[in-house]
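Worksheet: one structure, shown below.
The values are calculated or read from the model by the stated rules, or taken from the named source; none is laboratory data. Note that this is a predicted model, so its numbers are computed, not measured. Every residue, glycine as well, gets a Cβ built from its backbone with ideal geometry; the counts of neighbours run over all protein chains shown. The area values use the complete protein model at the heavy-atom level, side chains included, leaving out ligands, DNA and RNA. Shrake-Rupley method; radii C 1.70, N 1.55, O 1.52, S 1.80 Å.
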Amino acid sequence: TVTIPKSVAVTAALTADFTFTPAKPQVGEPVSFTATSAGGTPPYSYSWSWGDATPAGSGATATHTYVAPGSFPVTLTVTDSANPVHTASITKPVAVTPALTADYTFAPALPQVGESVSFSATASGGTVPYTYSWSFGDGSAAGSGASTSHVYSAANTYTVTLTVADSAGHVVPPSKFVAVTPPLTA
């Protein structure tokens with residue numbers, strides 16, 4: 001009888017996972033991906049499929065920018081260094097919204113000193129709900145809300161800036177000039 005002892009090294013099963021930021025990306029915004037893996041035999045190699053028919057990415061960290069809105073199945077595949085190799089994959093959806101845009105109108109178009117000017121904002125894209133903040137350009141207190149009004153006390157051309165933020169932290173600040181004339185006298 002011959003006995004040959006040999007040791008067999010058994011590793012934990014290879015696992016893969018990833019996180020990404022921002023959690024609610026918009027079109028044109030870079031999305032950062034970070035892979036985590038455990039088990040198997042290090043070192044590991046990483047491959048990313050972005051779900052939008054663009055070339056695959058690689059590395060434990062990667063960045064990708066989406067050019068269209070939608071829900072994209074991102075797949076991470078981790079490969080270890082064993083012989084033969086082990087692989088583990090995970091897929092998560094990444095919901096990409098249209099880019100946040102905002103604009104506003106004001107009336108009357110040619111306001112006079114002391115006349116109430118009404119401002120009305122519109123926003124789209126990003127992640128609702130939106131918050132609205134107004135700077136009227138004359139050093140007065142800021143306004144808020146999708147609609148607001150303001151009275152100017154001096155004739156001048158003012159830069160009015162609307163800042164719209166969505167619930168994911170995206171911000172757009174459109175601005176326009178408002179020319180305020182002296183009051184009409186007779």
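Here are the numbers for the structure shown:
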item: Residue ID - farthest from Leu110 (Cα to Cα), chosen from residues in segment 165-186 that are open to solvent by 80 Å² or more (accessible area, probe 1.4 Å) and among the hydrophobic types (A, V, I, L, M, F, W, C); result: Val171
item: Test result for Thr122, in a strand (DSSP E or B) and either within 30 Å of Thr19 (Cα to Cα) or open to solvent by less than 60 Å² (accessible area, probe 1.4 Å) (or both); result: no
item: Lone qualifier among Ala62, Ala68, Ala88, Ala95 - being of a type in the set (Gly, Ala, Ser), touching a residue at least 40 places away in the same chain (Cβ under 8 Å) and crowded, with 18+ Cβ neighbours inside 10 Å; result: Ala88
item: Leading residue by the ranking (nearest to Phe20 (Cα to Cα)) among those in segment 32-59 that are open to solvent by less than 40 Å² (accessible area, probe 1.4 Å) and not in a loop (DSSP other than H, G, I, E, B); result: Phe33
item: Segment 130-139, subset assigned to a loop (DSSP other than H, G, I, E, B) and on the phi < 0 side of the Ramachandran plot, residue most open to solvent (accessible area, probe 1.4 Å); result: Asp138
item: Of all residues in segment 140-155 being modelled with pLDDT of 95 or more and in a loop (DSSP other than H, G, I, E, B), the one that is most open to solvent (accessible area, probe 1.4 Å); result: Ser153
